[in-house]
Amino acid sequence: MLPSSDIESFRGALASAKSIVILAGAGLSAASGIPTYRDADGLWRTNSIEEVASIEGFKNNPSRVWQFYHQRRELCLGSQPNPAHQALASLADPSVLSRIAPSLKDTSLPPLLITQNIDDLSRRALDILPASAKKAAEERFLEMHGSLFVTRCTSCQHSQRTYTSPLCTALGNSEERDIPVDQLPRCGGETWAGSNRYGRCGGLLRPAVIWFGEVPDHMGEIARVLNWCDLLLVVGTSSRVYPAAGFASSVKMHGGKVAVFNLERSNGDDDADFLFLGPCVETLPHVLG
Ligand code: BV8
Ligand code: ZN
């Protein structure tokens, strides 16, 4: 049976929901000009995952991996959140939440926003919120696949959020070339031996994104919150990558409802309670309006 696309009944589910969770994927950022992964011109169509998004790939050729992520950092820095990001961010505004979801246990507690995206756009969309709501929303925002804007040292594990670009001079040269590893981004973190503090660690940095085979961030918190979730919004994801792809069925299993927002049919959406097909930059603001 096809899921309902009746807006009023979805708004009824919103109004009676006690705990809402949102899961976002690359389709959320499509309208901002960020390529998805598996669509026709997607990143995994034009790049080999093994070569650019795996631990082995980084070990074999850190220069190629860093150039792949540098180009994406530059693209994202030049992009803006779109109305779909803002529609989700507005759910963190208590005045909006108490209007559309009055049954929530606590309308000052924003719905948990779990994004698979690493583009930082959902975080930047929070800027539309009043300061107190923005602070609360930042605490309920989980980048489960990491972020283009966090680096981690492969030696001392020091991790740092940074919007500086290029991260090193060599990455600033546009043409593809084999950058010597000592000219790739290096660690400026402190190193300690007992009580002695040493200067730059100098270790090779990596993008703090979750590659295939690596454990996603925040899985403990996600599992806890999903347990109580009675309405999951699944936005712009092919639902092909686990464990995120399994969130909808775990919510359904304990009686929760699932609403899918996607440009086209996606994996497992026939089990959803609601399905809103179309560009989420149109469907989300309209349905949540
Ligand atoms: C893990 C970061 C263990 C890097 C990414 C066999 C069976 C089941 C699982 C596995 C298996 N073999 C291996 C696994 C595990 C593997 C996996 O799931 N593989 C798949 C491919 C089978 N998963 C892992 O390795 C994960 N780790 O399992 O660890 C573990 C787990 C739990 C607890 C303990 C231990 C790690 C996965 C993370 C990999 N990293 N990216 C980078 O980005 O460079 S994956 C990549 O896929 C992105 O993170 C992305 O977010 C994610 C999902 O893709 P989508 O966001 O859905 O994007 P996609 O292009 O696929 O789809 C876009 C959708 O948007 C489409 O539906 C399209 O129709 C729609 N759309 C387009 N435009 C619009 C739109 N919708 C609305 N409006 C529009 N305008
Ligand atoms: Zn270091």
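The values are calculated or read from the model by the stated rules, or taken from the named source; none is laboratory data. The model shown is predicted, which means the values in this text are computed figures rather than measured ones. For neighbour counting, all protein chains shown are included, and Cβ atoms are generated from backbone atoms with ideal geometry for every residue, glycine included. For the accessible areas, the whole protein counts, side chains as well, though only heavy atoms, and no ligand, DNA or RNA atoms are used. Shrake-Rupley method; radii C 1.70, N 1.55, O 1.52, S 1.80 Å.
The table for this structure:
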{"quantity": "The chain - percent of accessible surface contributed by carbon and sulfur, probe 1.4 Å", "calculated": "52"}
{"quantity": "Residue-level accessible surface for TYR198, protein heavy atoms, 1.4 Å, Å²", "calculated": "120"}
{"quantity": "Zero-based 10 Å bins, Cα pair distances in region 62-200, whole percents", "calculated": "11, 32, 26, 20, 10, 2"}
{"quantity": "Helix axis angle, 219-228 relative to the chain longest principal axis, alpha carbon, degrees", "calculated": "0"}
{"quantity": "Debye log10 I(q)/I(0) at q = 0.10, 0.14 Å⁻¹ for the chain, Cα point scatterers", "calculated": "-0.56, -1.02"}
{"quantity": "Distant alpha-carbon pairs in region 32-137 (separation over 22 angstrom), percent", "calculated": "46"}
{"quantity": "Relative contact order [Cα under 8 Å, 6+ residues apart], the chain, whole percent", "calculated": "24"}
{"quantity": "Share of pairwise Cα separations in region 215-254, more than 11 Å, in percent", "calculated": "66"}
{"quantity": "Convex hull of Cα atoms in region 151-229, direction-averaged projection (nm²)", "calculated": "8.5"}
{"quantity": "Value at 222 nm in deg cm²/dmol, rounded to 500, when DSSP H runs of n ≥ 4 in the chain each add -39,500 (n - 2.57)", "calculated": "-8500 deg cm²/dmol"}
{"quantity": "Whole-number accessible area per residue in Å² for the chain, which is evaluated in the context of all protein chains at 1.4 Å", "calculated": "47"}
{"quantity": "Cα-derived Rg to Rh of region 176-289, Kirkwood definition", "calculated": "1.19"}
{"quantity": "Estimated translational D of region 1-74 in µm²/s (Stokes, Kirkwood radius over Cα pairs; 25 °C; 0.890 mPa s)", "calculated": "157"}
{"quantity": "Crossing angle, helix 7-16 versus the chain [Cα axis fit, 0-90 degrees, rounded to tens]", "calculated": "80"}
{"quantity": "Charge context of ILE55, other residues only, Cβ under 11 angstrom, K/R +1, D/E -1", "calculated": "-1"}
{"quantity": "Region 28-40 - phi-based ³J(HN,Hα) in whole Hz, Karplus 6.51/-1.76/1.60, Gly and Pro as x", "calculated": "5, 9, 4, 5, 8, x, 8, x, 7, 9, 10, 6, 3"}
